[in-house]
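Structure record follows, encoded as structure tokens.
Just so it is clear, none of the values below were taken in a lab; they were calculated from the coordinates. Note that this is a predicted model, so its numbers are computed, not measured. Here the Cβ positions follow ideal geometry from the backbone for every residue, glycine too, while neighbour counts run over all protein chains shown.
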Amino acid sequence: MKIITIFKHVALGFVCSAIFLIACPFFNSPIYAGDNDTIIELWDTVKIPPPVELKAVKLEPKETAFLILDIEELTCNQERRPRCISSVPKIKAFLDRARSNGVAVVYSMTSRGTIETILPGVTPQGKEPVVKSSVDKFYNTDLEKILREKGIKTVVIVGTTAEGAVLHTATGAAMRGFQVIVPVDGMSAGTLYAEQYTAWHLLNAPGTRRSTTLTRFDMIGFE
């Protein structure tokens, strides 16, 4: 009996030792100060991701719509967004190409905008539709209906501001099943960070990354 009792104690000792050895790393794991910090405390430690990839695209004109968002006096001016002013000639050049290839063109305005405040050179022609909304141009507008009735599958989105109308309308389009093309030289913001963030978001966020291509105007062709 004594031998059995001794054996039980020895076995129990081995079990306890094993448990201690397994648990020890957890109890002794260092707790880093940064583990409990918010992004605010860690703000200056964030590394900028590498540049996003731009890709050449070939568009089927009959299935493509060119969305020009909020290029108007209130939002696109030298004081607030000089980079928007710089983008307008590029938008106009592509607009001319799009129209000549039979691409549908749709405009948007801010809640305070009017047709008259859209900048010269990129104003609507004929019956080209115009919608008015906040940052998501699908919200409380006929934009989706307009696109569906025209048989559109792909939207090319430009405008200002990048982190506002471009980002949210691109997200809305992607979530409705459209392919989204964003020429980075056609979107603008008041700061470079806003443009950089928008480009990163469009290619990395769950709502847009599978449906969005970033490009430049000179990388877009028509079939």
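For segment 73-189, what is one quarter of the convex hull surface built on the Cα atoms, given in nm²? The partial results should precede the final answer.
Working: hull surface 26.7 nm².
Dividing the Cα hull surface by four gives the mean projection, 6.7 nm².
Using the beta-carbon distance between residue 145 and residue 93 and R0 = 25 Å, what value does 1/(1 + (r/R0)^6) give for FRET efficiency, to the nearest 0.05? Please list the in-between numbers first.
Details: r = 29 Å, r/R0 = 1.17.
Once the sixth-power term is evaluated, E becomes 0.30.
Please compute the alpha carbon radius of gyration of segment 44-105, then divide it by the globular-protein estimate 2.2 N^0.38 Å. Two decimals is fine.
With N residues counted in segment 44-105, Rg over 2.2 N^0.38 Å equals 1.51.
Segment 177-219: which trypsin sites (Lys or Arg not before Pro) are DSSP loop and have at most 12 other beta-carbon atoms within 10 angstrom?
Sites meeting the loop and neighbour criteria: 209, 210.
Once amide H atoms are built 1.01 Å from N in the peptide plane, which residues 5 or more positions from residue 72, or in another chain, come under 5 Å H to H?
Counting only residues 5 or more places away or on other chains, the set is 119.
Excluding same-chain pairs closer than 8 in sequence, count the lysine pairs in segment 91-223 whose Cα atoms lie under 17 Å apart.
6
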